[in-house]
Amino acid sequence: MPVDNFLLPNRYLDALANRLEASEDYRVLRRLRPSVLSDRPEGRGLRTGLFVDLETTGLDPQQDEIIEIGMVPFIYRIDGILLGTLPAFSRLREPSIPVPSLVQDLTGLTPERLAGQTVSADDVAAFASDASLVIAHNAAFDRPFLERFCPTFVNKPWACSMEDVPWEQAGFEGRKLGHLGLQAGFFFDGHRAVDDCQAAIALLGHTGFLESRSALSLLLERARTIWKRLWAEYAPFELKDILKARGYRWNDGSDGRPKAWFVDRPPEEVEDEILFLRTEIYQREIDITVRPVEAGDRFTRRI
């Protein structure tokens with residue numbers, strides 16, 4: 001019987017993949033199979049993390065709305081060893097504003113699919129109540145949306161798997177979730193909230209960093225550090241693209257904070273950032289507004 005007329009059992013496919021991987025001429029991508037724990041482990045030094053991901057109608061948390069919430073709890077040791085995930089929370093939500101066609105094409109979440117779908121802030125709060133740390137892959141995007149939707153997230157410490165892990169140290173190029181997954185040897189169904197959470201958690205278990213540390217251990221180290229927020233007030237308009245490329249975000253001043261570009265940096269990078277602003281942006285000596293960012297305030301727009 002020709003091979004294409006029947007499906008090979010998984011054990012044969014795995015054997016073929018292993019043989020290909022043994023050669024220097026091939027790399028094999030495997031579908032991500034999340035490691036879900038059958039029971040919640042108990043013991044000293046164990047914590048519950050919560051990975052969150054959202055799909056929204058757009059980028060502005062003041063105007064746009066959440067259309068999908070995905071949350072995946074995971075258990076980790078305080079030294080950064082990932083033990084596995086727990087059952088996920090996944091809900092759709094019909095927004096009160098139109099869903100742009102670009103978002104529909106990207107996520108598959110059409111008005112017809114969202115019609116009549118609801119999620120309550122109380123249900124979200126209850127699910128997130130045990131989390132010692134909330135993580136997102138681009139927390140600066142997800143946190144403001146979730147804080148507006150559910151006040152529980154205002155008082156949680158946050159971290160970011162995109163910003164808080166030195167991926168380049170382990171040989172990764174770029175920081176987009178799908179790209180990181182491919183380089184780690186797996187693929188997944190992207191742009192759906194729970195799938196993105198599971199992929200990011202799998203990446204946090206990667207141990208190819210200096211001293212065989214895990215991505216999660218490095219993220220935890222950063223999350224425990226008091227960062228600094230630098231405000232580039234009155235920066236020349238024509239240099240905005242340079243600031244954006246360096247990670248600065250714009251605040252329009254409507255929330256009582258300065259109408260200016262800003263960026264968060266760990267303490268060891270503050271002097272270099274001030275030097276960059278003075279030499280590349282203002283081209284003169286100038287006082288830069290620098291404010292501390294406590295662990296519970298990282299990636300929020302409230303400070």
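The values are calculated or read from the model by the stated rules, or taken from the named source; none is laboratory data. Keep in mind that this is a model prediction, so the values were computed, not measured. Cβ sites come from the backbone with ideal geometry, for glycine too, and all protein chains shown count toward neighbours. The accessibility values were calculated without ligands, DNA or RNA, using every heavy atom of the protein model including side chains. Shrake-Rupley method; radii C 1.70, N 1.55, O 1.52, S 1.80 Å.
Enter the accessible area per residue of the chain (Å², integer; probe 1.4 Å; all protein chains in place).
55
Using alpha-carbon positions, what is the distance between the centroids of the stretch 103-145 and the stretch 177-219, in Å?
Each part reduced to its Cα centre gives a spacing of 20 Å.
Share of the stretch 12-59's accessible area from carbon and sulfur, percent, 1.4 Å?
Carbon with sulfur: 47 percent of the solvent-accessible area.
Counting only protein heavy atoms and a 1.4 Å probe, tell me what percentage of the stretch 189-276's accessible area is made up of carbon and sulfur. Can you show the working numbers first?
Details: 2250 of 4440 Å².
Percent of accessible area from carbon and sulfur atoms in the stretch 189-276: 51.
Which of rounded, prolate or oblate describes the stretch 59-194 when judged by the alpha-carbon gyration tensor and an a/c cut-off of 1.5?
In terms of gyration-tensor shape, oblate.
For the chain, which span is the longest to avoid every loop-located (per DSSP) member of chymotrypsin sites (Phe, Trp or Tyr not before Pro) having at most 16 other Cβ atoms inside 10 Å?
27-233
Which of these values of volume of the Cα convex hull per residue in Å³ was calculated from the structure shown: [x] 142; [y] 112; [z] 193?
[z]
Quick one: pull the percent of accessible area on the stretch 70-160 belonging to carbon and sulfur, 1.4 Å probe, ligands and nucleic acids left out.
With neighbouring chains kept in place, the figure for the stretch 70-160 is 53 percent.
Using alpha-carbon positions, what is the distance between the centroids of the stretch 26-46 and the stretch 241-272, in Å?
What the calculation gives is 36 Å, centre to centre.
R0 = 35 Å: FRET efficiency of ASP122 with LYS244, Cβ-based, nearest 0.05?
Efficiency, rounded to the nearest 0.05: 0.40.
Would you calculate a helix-derived [θ] at 222 nm for the chain, using -39,500 (n - 2.57) for each DSSP H run of n ≥ 4 and dividing by the full residue count, to the nearest 500?
Roughly -7500 deg cm²/dmol at 222 nm, from the helical runs in the chain.
Using the crude model of +1 on Lys and Arg Cβ and -1 on Asp and Glu Cβ, and no other charge, please compute the dipole size for the stretch 185-295 relative to its Cα centre, in debye to 20.
180
Once you have the Cα-Cα distance between HIS179 and VAL36, take 0.36 nm times their residue separation minus that, and quote the gain in nm to one decimal.
Working: separation 143, 0.36 × 143 = 51.48 nm, distance 2.32 nm.
Difference between extended and current length: 49.2 nm.
Give the residue from PRO111, ILE81, VAL154 lying farthest towards the positive end of the charge dipole for the chain; charges sit on Cβ (+1 for Lys and Arg, -1 for Asp and Glu) and the dipole is referred to the Cα centre.
ILE81
Determine the dipole magnitude for the chain: charges of +1 sit on the beta-carbon of Lys and Arg, -1 on that of Asp and Glu, nothing else is charged, the reference point is the Cα centre, and the result goes in debye to the nearest 20.
460
Given charges of +1 on the Cβ of Lys and Arg and -1 on the Cβ of Asp and Glu, with all other atoms neutral, how large is the dipole of the stretch 179-235 about its Cα centre, in debye to the nearest 20?
Charge dipole of the stretch 179-235: 260 debye, to the nearest 20.
Charges on Cβ only, +1 for Lys and Arg, -1 for Asp and Glu, centred on the Cα centroid of the chain; of PHE127, GLY208, HIS179, which one is farthest towards the dipole's positive end?
PHE127
Once you list every other residue whose beta carbon is under 12 Å from the beta carbon of PRO236, what net charge do they have if Lys and Arg are +1 and Asp and Glu are -1?
-2
Mind giving me the FRET efficiency for ALA17 and SER212? R0 is 35 Å, r the Cβ-Cβ distance, nearest 0.05 is fine.
Computed FRET efficiency for ALA17 and SER212: 0.90.
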